Amino acid sequence: MPARTLDISALTCPMTWVRTKLELERMAPGEALEVRCSAGEALDQVPRSAREAGHGVSVEGTTIRIVRA
Amino acid sequence: MSDASRRGFFRELASVVASAREAAAEPEPEAPPPELTDAEIERYSRQLVLPEWGAAAQLAVTEASVLVIGAGALGAPVALYLAGAGVGRIGILDDDAVELSNLHRQLLHFTPDVGVAKAESAAAKLRYLNPDIVIEPYQVHADAENAAALVEGQNLVVDCSDSFATRYAVNAACCAARVPLVEAGVLGVSGLVMSIKPGRTACYRCAFPVEPHDAPRCADAGVLGPAAGVIGSLQALEALKLLTGVAPPIADGFLQVDLATAEFLRVRAGRRDDCPDCANL
């Protein structure tokens, strides 16, 4: 089970990635973050930004699981 | 109390407590790292979202104290961008009053400000822009007599003055105190920008050992507002680079900008063994 969760479902771009990025910055490499978002832009943008930043990403429904690089 | 001053207060308190603990030879617990507030995350979101920027860079500028020398054509964009970026404490120094002829290029001053001290006029606008930071106006002219006292304790100095005498005085003081410095000048439609890490990169005196005899004055040569805006904006960017390390500054030389031809030329200038300001650092 991931130790951290983050709910960005009430946010819009770019705050969705800002909040996710800041949370990832607080984590150690290898640690996982479960991000809950709403369907739509965030579900497309946040995984893409996380991959571009080099993190491991998997998506299930509206939950994005990011393993910090 | 603003977030910046509150943080400063707690930092001081934490350091007093830490010294007391050290004196009592007890193990020192790690202070929790400072966190950005929700309002700060919102205000600075468009820089926080950058891959190069992040909480560490934001906290570095939030905790920084920067002195901007001159509240004119260069000082205006510099102070505006640094206040906007969240630099925690900005000193803005100028002993002139706003004149009608300043307004085409000095973005911090407006027509009703004519006759008002530039430092105060600037401070009022900067506080409007960002009420979470500390703005300290000084109605003082920087010179060789007071430069050392002015730069003491600063994390960075941005020299937006318009005279060689002031630039040399500020450079010497920053070198002696090892305070990083951003120098710049603008005339007509051209200018230059240079970042200085005293003792590590060439200083202003290394690059310009003597004042040019034919150096024109602003009043004689004139300046277009947007040209000053470009040079001041570059200077602000250099300041943010030096405060955070997010990108390499224009060091060991300067950037020569000709805005008539839109040519940017990087000119190399190394440290000089005989530099009276930095050779001994």
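The values are calculated or read from the model by the stated rules, or taken from the named source; none is laboratory data. This one's a predicted model, so the numbers in the text were calculated from it and none came from an experiment. No Cβ is skipped: glycine too gets one built from the backbone with ideal geometry, and neighbour counts run over all protein chains shown.
Of the residues A:THR16, A:THR20, A:THR12, the single one that is in contact (Cβ under 8 Å) with a residue 40 or more places away in the chain and among the β-branched types (Val, Ile, Thr) is A:THR20. Out of the residues in the stretch B:36-53 that are free of Cβ contacts under 8 Å to residues at least 12 places away in the same chain and charged (D, E, K, R), which is farthest from the other protein chains (Cβ to nearest Cβ)? Among those that are free of Cβ contacts under 8 Å to residues at least 12 places away in the same chain and charged (D, E, K, R), it is B:ASP38. One residue stands out in the stretch A:16-47 among those that are hydroxyl-bearing (Ser, Thr, Tyr) and at pLDDT 95 or above: the one that is farthest from A:ALA69 (Cα to Cα), namely A:THR16. Looking at the stretch B:187-228, which of its residues are modelled with pLDDT of 95 or more, buried (at least 20 other Cβ atoms within 10 Å of the Cβ) and more than 20 Å from B:ALA269 (Cα to Cα)? Across the stretch B:187-228, the qualifying residues are B:ALA227, B:ALA228. Checking the structure you have, find out if any residue of the stretch B:258-272 is assigned to a loop (DSSP other than H, G, I, E, B), polar (S, T, N, Q), surrounded by fewer than 21 Cβ atoms within 10 Å (Cβ to Cβ) and not assigned by TED's automatic domain parsing to the domain that holds B:LEU48. So far as the stretch B:258-272 goes, no, none of its residues is assigned to a loop (DSSP other than H, G, I, E, B), polar (S, T, N, Q), surrounded by fewer than 21 Cβ atoms within 10 Å (Cβ to Cβ) and not assigned by TED's automatic domain parsing to the domain that holds B:LEU48. Considering each residue of the stretch B:93-100 in turn, none proves to be assigned by TED's automatic domain parsing to the domain that holds B:SER233, β-branched (Val, Ile, Thr) and assigned to a helix (DSSP H, G or I). Could you tell me whether the stretch B:253-262 includes any residue that is within 20 Å of B:ALA79 (Cα to Cα) and out of contact with any Lys or Arg (no Cβ under 8 Å at 6 or more places or on another chain)? Within the stretch B:253-262, not a single residue is within 20 Å of B:ALA79 (Cα to Cα) and out of contact with any Lys or Arg (no Cβ under 8 Å at 6 or more places or on another chain).
Here is the figure for the stretch A:8-30: residues that are more than 14 Å from chain B (Cβ to nearest Cβ) and touching a strand residue (DSSP E or B) at 6+ places or on another chain (Cβ under 7 Å) total 2.
Could you tell me whether B:PHE254 is aromatic (Phe, Trp, Tyr), loosely packed, with under 14 Cβ neighbours inside 10 Å and touching a strand residue (DSSP E or B) at 6+ places or on another chain (Cβ under 8 Å)? It is false that B:PHE254 is aromatic (Phe, Trp, Tyr), loosely packed, with under 14 Cβ neighbours inside 10 Å and touching a strand residue (DSSP E or B) at 6+ places or on another chain (Cβ under 8 Å). Cβ-Cβ distances below 6 Å connect the following pairs, each with a first residue in the stretch A:43-63 that is within 14 Å of chain B (Cβ to nearest Cβ), a second residue that is part of a loop (DSSP other than H, G, I, E, B) and surrounded by 14 or more Cβ atoms within 10 Å (Cβ to Cβ), and a separation of six or more residues or different chains: A:GLN45/A:CYS13; A:HIS55/A:ARG68. Within the stretch B:156-195, track down each residue that is β-branched (Val, Ile, Thr) and in a loop (DSSP other than H, G, I, E, B). Once the filter is applied, which keeps residues that are β-branched (Val, Ile, Thr) and in a loop (DSSP other than H, G, I, E, B), the stretch B:156-195 yields B:VAL179, B:VAL189.
Out of the residues in the stretch A:10-69 meeting the condition of being touching a Pro at 6+ places or on another chain (Cβ under 7 Å) and either among the hydrophobic types (A, V, I, L, M, F, W, C) or under 23 Å from B:GLU42 (Cα atoms) (or both), tell me which one is surrounded by the fewest Cβ atoms within 10 Å (Cβ to Cβ). Per the criteria, the residue is A:ALA69.
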